[in-house]
Amino acid sequence: MRKSGTEKFIFKNPNAYGVSVNYFFYHIFSFRIRCLSAVFFFVCILCSEVPAQKNPMQKQTSLEIRISEVARHYIGIPYKFGSDPNEVGAADNSHLLCSIYEQAAEQAGLRFAGYMPMRILMRNIVAVRQDYIRNGDLMVLNDGHAAMIYNVESPENFDLIYASLKRQEVTSFNSRNVVFEAYWLKNLRGYYRVSEQLFSRRD
């Protein structure tokens, strides 16, 4: 019996429909793989751009613990320009900050680079986000004045210390203080951490 044209097509192409289906699913699968690869690549880029900074809720280092302890001993001493607090019991701001770093480093088994004027110290700092502040970080104002963060309870609750020319003494204040919001935040340049290169292991 003679076969119709349609019957001849089916007979000569028995897998035509199956091939089309397989081809369709192959492209769907390939498309999904490409999408997943693109998402994975994008996530990797984002993760690589996150700065390697310590989370404030992580355990404090020995140096950070010593900074908190040492800083408290200087609160209330007189302000005196160009004075080392360990020699005359009075200090200006640059001597205060460097003395805290030096004493804390010594107690933690480290060595600090030593005293340096504020302009030199400011060349050896790196910016950090407020979410990542730690004991020893600096809060720097637009005019270059700085206070050291010495006791972090949370990124929104921390204590600072600096030598105040106006008050003529080394003073401490909390980030929830009215003055902090009215003056320090208003004139804030940013939060900074001194370079690790300023500290070395004692022999």
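Laboratory data are not the source of any read-out in this text; all were calculated from the coordinates shown. All values derive from a computational prediction rather than experimental measurement. All Cβ positions, even for glycine, are placed from backbone atoms using ideal geometry, and neighbour counts span all protein chains on display.
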Legend entry - Amide H within-cut-off set for residue 137, under 5 Å, with H built and near neighbours excluded: 149
Legend entry - Whole-percent pair-distance distribution, where bins are 5 Å wide, for the alpha carbons of segment 103-174: 3, 13, 22, 25, 23, 13, 1, 0
Inset, instruction - Using only alpha carbons, build the gyration tensor for segment 62-201 and give me the equivalent ellipsoid semi-axes, biggest first, whole Å. - result: 20, 18, 14
Inset, instruction - Output ³J(HN,Hα) for segment 87-101: one whole-Hz value per residue in order, computed from phi by the Karplus curve 6.51 cos²θ - 1.76 cosθ + 1.60 with θ = phi - 60°, and x for Gly and Pro. - result: 9, 10, x, 8, 7, 9, 5, 5, 5, 4, 4, 5, 5, 5, 4
Legend entry - In nm, spacing of pseudo-spin labels at residue 88 and residue 59 (7 Å Cα→C-beta vector): 4.3 nm
Inset, instruction - Sort out for me the Cα centre separation of segment 120-158 from segment 162-177, rounded to whole Å. - result: 15 Å
